[in-house]
Structures are given as C-alpha cells and as structure tokens.
Amino acid sequence: MSSDPAAGAAAGAPARRILVLFAHPSLTRSEANRPLLTAARALDGVTCVDLYAEYPAFEIDIDREQQRLRAHDVICFQHPLYWYSTPAILKEWQDLVLEHGFAYGAGGTALHGKVFFCACTAGGPEAAYCAEGYNHFTIRELLQPLEQTAYLCGMTYLPPFALFGARTAVQEGRIDAHVADWVRLLTALRDGTLDIARAEPLPRLNADLDALLAGTDPTAACPVEDGA
Amino acid sequence: MSGVLFQVFVYLCAAVVAVPVAKRLGLGSVLGYLIAGIAIGPVLGIVGAETEQLQHFAEFGVVLMLFLVGLELKPQLLWQMRARLLGLGGLQVLASAGAIAALGWLLLGHWQTAVAVGLLLALSSTAIVLQTLTEKGLMATDGGRAGFSVLLFQDVAVIPMLALIPVLAVPELSEIARHAAGEAGHGASGQAAGHGGPGAGAGLSLVDGLSGWAYAGVVLGAVAAVVLGGHFLTRPLFRFIASSRLRETFTAAALLLVVGIALLMTLVDLSPALGTFLAGVVLADSEFRHELESDIEPFKGLLLGLFFITVGAGIDFGVLFGQLFTVLALTVGVMAIKGGILFGLGRLFRLRAADHWLFTLSLAQAGEFGFVLLAFSTQNAVIPPELGKLLSLVIALSMLLTPVLFIGYDRLVLPRLRSAPDQPPDTIDEQGAVIIAGAGRFGQVVNRLLMAAGVRTVVLDHEAANVERMRQIGIRSFFGDASRPDLLQAAGIERAAAFVVAIDDRDRAVDLAEYLKREYPDLCIVARAFDVDHLYLLRTAGADVALREVFDTSLEAGAATLRAVGQHPFEVEKLKRAFRRHDLDTLNELYELWDHDLEFSKNRALLERVRARTAAELEITAADRSRLHDRTERGWTPPPKGYTKELDV
Ligand SMILES: Cc1cc2nc3c(=O)[nH]c(=O)nc-3n(C[C@H](O)[C@H](O)[C@H](O)COP(=O)(O)O)c2cc1C
C-alpha cells in the first residue's frame, strides 16, 4: 500500500477515488456503454474521462493523463470489446502514458498499490466465451495482456466486469440490472466495501456480485481488503 | 407646418411615454398605444378631428404587417395550412356572422341590417392579434398558426363582403344616406374600395364598368403580376440596388415594392393587404428576405402604433357614457359569442390545451376591417348612423379588451396548464442553429462542413454576388450587413447556439464579436482572424474561438514539404502536432503580456523589447527548437537498454 494512505477513509469520506477511462468511438450509436457511463458520471468520487472526446485526434496529453493516474486509487477501462481487446485509443493511451520511469522500471512506482480492472461489453453471448464456445477463451483469458500490464505496474488486478450479448441487452431488458450492478460495484470500490481478496481470482467481477458485497455492513468489511 | 409638427410631436410623445410603461407593467405594446390614444384624444382633448384621416393612413401599417407575415411564410407552409385556412377560417366567419346576425335580427328587426352587422363583427383585428402574437413569440405555436389562418381568411372574405353590402340596402335608410354620401366620401383606405359599390367613387379604379368576366381576367392578371414579378423581377432589381451599396436606396426600393403592390391591388379593387401578403410569400425564399424584413419592420411598427393610437383617440366618450350599459353589454355579448364559436372550432380542429385557449381568447374581438365595413354600410344605407356610432364603440372597446384577454391567457391559463403533467412542448419553427456572417471562401467551407453534419445554418453576406452563388448551389443565404442588429434578429439570433464571424473587414469583425458577446453572452462565437494582431483583438472582444486563417494551411504546406524531402510521414505528423501545440502555448503566453489598451503595433515593439532583453534572437530560436524536440520525442519512448534487469525481481 504505497499509494494514498486512505486520507479520506478516516474522515468517513469516500476512501478511494475512482478513474473511469472511457473509450467508445461511436458513442451516439452505443446502447450498452452509454447508460453505464451516465450512471458512473452521476456518482460522487468517480472521475469519468471520455478519451475519444478529449483526444479526437489521438493527441493524448501524457502529462495530464499521468497526473490523473496519480490522483486516483482505482483505475478502470470502460469500453466495448473490439477484436478481443480495447478500442484503439486505449491502446494508444497505454503506449503513451505508461512510460518507463513512471509506470514501470527504475523509479516507475506511480501506480503501485492501485486497483485496476476493465468494465467491458461484448457482442458475443456468454456461452461463446469458454473453451467449448466459438471464442475458445474466457473473457478474463482474452484480456490477459491488460492483466499482465497491471502486474508489471504493481497494481492489483481485478477480473473484468463484463456484459455479454451487448447488442441485445436493451431489447431483452437486461441493461437495467447491469447498470445497477455497475453502480453497486463502483460504490463498493469507492467506499471500500468490496471483498477484493475474494474478487481477484474470479473469472468475472459480476459473476456473483452479491457474494463480493456480502459484508454489506461497511464497518465489518472495510479493514479486510485494505491489507490486500 | 407648425401644426403638423405639433401633431407629430403629440403622437410621438404619447407613444414614447405610454408604450414603455405599458410594457414594463406587462400589458404589451398594443394596450400601451391604445391607452396613449385615449389619453391624447377623449381625455386630454389635444387631438381630435384628424384622427379618422390619420387612421386611414395608418391602416397601411396592416398592409406592411401582412407583407412581413408573408415573408415568414414559405409557399409550402401556406399550402400545408390550406385545410385550416378554409375550414377553420370559413367556419369562423360563417358561424360568427350567423350567430350575431340572428341576435341582431331579434334586436333590430331589419334582417338586412342584422346580416351586415353580423358580417362586420365577425371579423377580428389582424393588427392587434398579429402584433401581440409576434411580440409574445407565439406566432409559431399551433394556436398562433390557427389564429393566423382565420385572420388570413377574414382578410380575403372582406372582398365579397364589400360586394354584398350594397345589395343589403334598407329602403327607409336610403333617403338619409343620399344626404350623407355627399359629405362623407370615404378616405384613402384601399380596403373600402369595393367592386362596383356605389360609395366607392373616391380614387382611381381600373375595373369600373367592366363586365364580370373582364373583371375576373384583370384580377387574375394582377395577382399573376405580383407572383411572377415577385419571383422573377425583384431579384435582379434588388441585386442591382444592393450593388450600389446605399442602404437608404434599398429601403426605398423595399417600400416602393410594397406601396406599388398595394396600389395595383387598389386599382383592381382587391385588398392591398392580401396583395402584399402574397408578395411576401413569393419573396420568402429570396436571399433578400432578411434585409427586406429589417427595412420594412420600423415602418410597420410606427404605422401600426399610430393606428392603435387613433383607435384609442377615436373613442367617443359622450356616446360611451350616454349608453354605457348598452355598449358594455353589446361588447361583452359579441366577444362571448365569438369566443364560444372559436372554442368550439378549436375543439373540432383538435387544438391542444394551451393552443386552444390562445386561439379562443385572441380572436374574440372585432377589428379594423369592421370599421371599414361599418363606414361602407352606413354610406350604403344598410346601417343607420346612430347604430353606426354605437357599433364603432363596440368595435373599439372590444379591441381595447383584447390585450386584457392576452394578459388573462398569460396569468390565468398558462400557469394552470404548465403544472399539468405531460404537456408536450409547442412546436416552434426551428431556426438556423448557427449563423455564419461572411460567405467568402472562409465562411463557405465552414458552412459546408456544418451542413454536412446536419446542422441548420443561416449565411449572411453583404455581397449580393456571393449570396447568389451560394443560393445557386442550394445554400440558405441572405443578403445584408451582418453587423446590423435588426438583420441578426431577423436571422434568428435569439435561438442560435453559435455564431461564425467570417467577414472580411477586420475592424467590423471585432466590433461584431464585441456586440455579440455583450448582447448574447451565451452565444458561442467562432471568429476568423487575419493575423495574431487581429486574433488578440477578437479574443479581447469576446470571441470564444479565434483562429488565424492561414496558420493551418501553412502548417500543412510545411508538412507536405518535409515529406517531399524524405522525412517519415509519421515523424512529420508528430512534429506538426508538437509545433502547433508549442505555437499555441506561445500565443497564449504573449496574450498575457499583450495590453489591449495599447495599440498592438506599439505593443509588439514592447514585446520584442522584452524578448530582446532576455536573449539574442538566435538563442530564442535555439531554445524553441529544443523545447519542440522534447515534445516530439515524448511518446512511444523506448525503455533504456538493459531495463529488463530491474523488472526481473
Ligand atoms: C470493430 C468492432 C470489433 C468488435 N469485436 C468484438 C469482439 O471481438 N468480440 C465481441 O464479443 N464483440 C465484438 N464487437 C461487438 C461489440 O463488442 C459490441 O457492439 C459492443 O459491445 C456494444 O456496446 P455498445 O452498445 O456500447 O456500442 C465488435 C464491434 C466492433 C464495432
């Protein structure tokens, strides 16, 4: 725990500041990611950055992005799954912002102890994302490059918070429940009520969110994962 | 001479005092004028006999108003309104005239007189209603549109009414009328010139004594002349006048157009208001529309104001107090009947809550055409003179009460409806969301991009040739000097979200930006700057975005050259980006030092001195280069060789 010594937690104020790096190159046509973004924007203690809006020509301001990382405790990539990975700007963001000496390597400790995870939506159905399905791998397996990036930067990696069958989530009435889970997840992360140790090995964050939030009594849950 | 000056002075005084006070009190300008008229007429007795003549003159304001209304109304829109125009308008006139005539028959005995009274009271006041609707911004609502359809129909209906009235002559009255006709030859008002009416002796007419068919031919010819002339002749004419760049000539030409059409219509015994309305509709698509609008507007405003004052001044308090009860009862009765019928029609034509009430309350009065028909009827021995006096009071009083009904609509109806849930918003005609001033090479590209993105634009230019070129390729553009507030108003600036200043006059561009920021602080101003000097001036004036016109092109040219000499395109791209950012930083830095109270040229010398003192010119460039170098090297930086040893722990 080298990052922020939870200054806010003592005062009872939001303990963890969350940074949602949002990437969707066609927001006007988005059905799944848009309501998720709207919900996140409404939460206290959550900073949402629409990367395509801020850097429409991919001219990412490295200093500004690094400053943002320093100012937050939980980093989240929110994006649709594009070719089993992130949309291009998130890759550009990684290539530019995670510099040697900042994120890794000698003196590169800025991200140590922070929590990292992806919140993504996939077009394919859940059944496709396993060894027997047509995608052959689970979503967590497919996102392994990001997992390893997090490890190299000394961050705690949490499994993805994923929505499958995203193209039909609205018409099948599944989106509201997913947005509600998203809000619960972000709130719990912020307030330190998520059982992080228990979450780490899971295939997905939202496989059994209730269990991760079991200690709904915040006073009981809090100290456990602070040592994670 | 001094007599005329004194009159003008009195009327202007009354208007200048009463109207702002009335507006401040939330009564609207129409009521202000009416009260001003009452004050200088019956109350103070400063003006008197001339009001009636003045009124005929001031009725030309209605003609101008209909021209302006026509300008706002594209032919397609008019066509869409046809069902309402005929259905709603026709039923309103028939039902109101019928109901009032029936009542009149009971009270008066003479059916002929009753029919005439019914007809003249069925008409509403175009002047008051349109003026008030426009002032309140209700013209584009459903209720406003419906009201307008009815008014337009009424205006047309006046013509057959004028033809009908002589037929209704009551034998007993004819004798008296023959006496009166000698002295009361009616005034210059065109509306009164009914076809073939025995009283229509005054003024010229091209159609006196023509047979029915020939008359129809002449009328059609006149209408065709207005439509075709408006479409084909006005453009070259206005373009020619515009190229002279004399504002007052253009204004004169605009007035000439309207007066000419009004005259033509009068000559063939048609309603001049209708003729100019038609001309307005024809010109609604023209590039000169906004310019015409802002030129005619002040004349219309003054004349209509004068008209309302004369209505107020013409109220005969002697008769009023002598028969106070009768006058009041008749006024309220007429308005109740008309209102009831309007309410029923509104339901029939499915007007929604707020619109339904607006429609009902706005048209319940009698109007200025009522005066005209009344005078005509008395001359033709259809209505006895005493009844005429009484009715004229009823008309005036009902007009006086109309602004009160509008206030009732605002204060009583609207608040109640607003709290009602699920009230869908009124459909307000969308206006250009972005106004572009200057349709030169710069403005054109901006406009094309915006249009490609589906953003509605209005383009203004003071070069008629530019406007014509734009119009040829189907771009909404209008002729006029964009730094004129009234033209901006006409272009819909109240509802614009952004404004692009792309005019080619440096100083005017700065003035325009300053004016816009002061009057419309929420409007986003994007301005074209010619150079840094200009850019700072624009920024100080309040432009939200100011861009140097050649900067990006020069940068692209530089980049193309670098690629041509063999540099890797992406390296060039990175350099270009870094250069632009660096340049922007410098620009912002220097702006802080820049003092807008000082003339820039002097100030630049000052800045130069600041620079010179810090370092020699060469050193600056060197420093700049290294800063730039840092920037291009940042990003995709490979980790140091051997860095993996640190990782493998
Ligand atoms: C370029 C592109 C690549 C995509 N690749 C994948 C993919 O690899 N796997 C998958 O399940 N869905 C894929 N999809 C579907 C998107 O994940 C899906 O459209 C998105 O999650 C819907 O979210 P939205 O409504 O917020 O846009 C892809 C879509 C696009 C446009």
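The sole residue among B:246, B:292 that is closer than 18 Å to residue B:461 by Cβ, at pLDDT 85 or above and among the aliphatic types (A, V, I, L, M) is B:292. Checking the stated criteria, residue B:297 turns out to be closer than 27 Å to residue B:50 by Cβ and among the acidic types (Asp, Glu). Residues that are surrounded by 20 or more Cβ atoms within 10 Å (Cβ to Cβ) number at least 3 in the following strands (runs of 3 or more DSSP E) confined to region A:15-84: A:18-22, A:74-80. Just one of the listed residues (A:184, A:204) is more than 30 Å from residue A:107 (Cβ to Cβ), among the charged types (D, E, K, R), within 16 Å of the ligand (Cβ to nearest atom) and at pLDDT 95 or above, and it is A:204. State whether the residues of region A:69-79 include one that is of a type in the set (D, E, K, R) and within 16 Å of the ligand (Cβ to nearest atom). Looking through region A:69-79, none of the residues is of a type in the set (D, E, K, R) and within 16 Å of the ligand (Cβ to nearest atom).
Checking residue B:521 against (1) at pLDDT below 90; (2) surrounded by fewer than 15 Cβ atoms within 10 Å (Cβ to Cβ), which single condition isn't satisfied? Only one criterion in (1) at pLDDT below 90; (2) surrounded by fewer than 15 Cβ atoms within 10 Å (Cβ to Cβ) is unmet by residue B:521, namely (1). Scanning region A:145-168 for residues that are of a type in the set (D, E, K, R) and more than 14 Å from the ligand (Cβ to nearest atom) yields a total of 1. What are the residues in region A:94-113 that are surrounded by 21 or more Cβ atoms within 10 Å (Cβ to Cβ) and within 11 Å of chain B (Cβ to nearest Cβ), if any? Residues satisfying the conditions are A:103, A:104, A:108.
Consider region A:41-71 and keep the residues that are in contact with a helix residue (DSSP H, G or I) (Cβ under 6 Å, 6 or more places away or on another chain) and over 20 Å from residue A:92 (Cα atoms). The one that is farthest from the other protein chains (Cβ to nearest Cβ) is A:45.
In the set (1) touching a residue at least 60 places away in the same chain (Cβ under 8 Å); (2) crowded, with 21+ Cβ neighbours inside 10 Å; (3) of a type in the set (D, E, K, R), residue B:461 fails one condition alone, (1).
Tallying residues that are of a type in the set (Val, Ile, Thr) and surrounded by fewer than 22 Cβ atoms within 10 Å (Cβ to Cβ) within region B:336-386 yields 1.
Note on region B:14-26: among residues that are of a type outside the set (A, V, I, L, M), assigned to a helix (DSSP H, G or I) and loosely packed, with under 14 Cβ neighbours inside 10 Å, the one that is nearest to the chain's Cα centre (by Cα) is B:20. Exactly one residue out of B:503, B:475, B:525 is of a type outside the set (Gly, Ala, Ser) and in a strand (DSSP E or B): that is B:525.
Contact map, region B:325-353: residues that are over 15 Å from residue B:91 (Cβ atoms) paired with residues that are at pLDDT 90 or above and surrounded by 19 or more Cβ atoms within 10 Å (Cβ to Cβ), Cβ distance under 6 Å, separation 6+ or inter-chain. Pairs shown: B:330/B:394; B:331/B:394; B:331/B:398; B:334/B:121; B:335/B:364; B:335/B:398. Each residue in region B:279-293 was checked for being buried (at least 22 other Cβ atoms within 10 Å of the Cβ) and part of a helix (DSSP H, G or I), and 8 of them qualify. Scanning region A:93-114 for residues that are in contact (Cβ under 8 Å) with a residue 40 or more places away in the chain and within 25 Å of residue A:53 (Cα to Cα) yields A:93, A:94, A:98, A:103, A:111.
When you go through B:587, B:607, B:628 one by one, which is the residue that is surrounded by 13 or more Cβ atoms within 10 Å (Cβ to Cβ), more than 14 Å from every other protein chain (Cβ to nearest Cβ) and modelled with pLDDT under 65? Only one candidate qualifies: B:607.
Candidates B:58, B:49, B:101, B:22: the one that is modelled with pLDDT of 85 or more and assigned by TED's automatic domain parsing to the domain that holds residue B:291 is B:101.
The set of residues from region A:120-132 being away from the ligand (no atom under 11 Å from the Cβ) and not acidic (Asp, Glu) comprises A:127, A:130, A:131.
The values are calculated or read from the model by the stated rules, or taken from the named source; none is laboratory data. What you see is a predicted model, and the numbers here were worked out from it, not measured in a lab. FYI the Cβ positions are ideal-geometry reconstructions off the backbone, even for glycines, and counts take in every protein chain you see.
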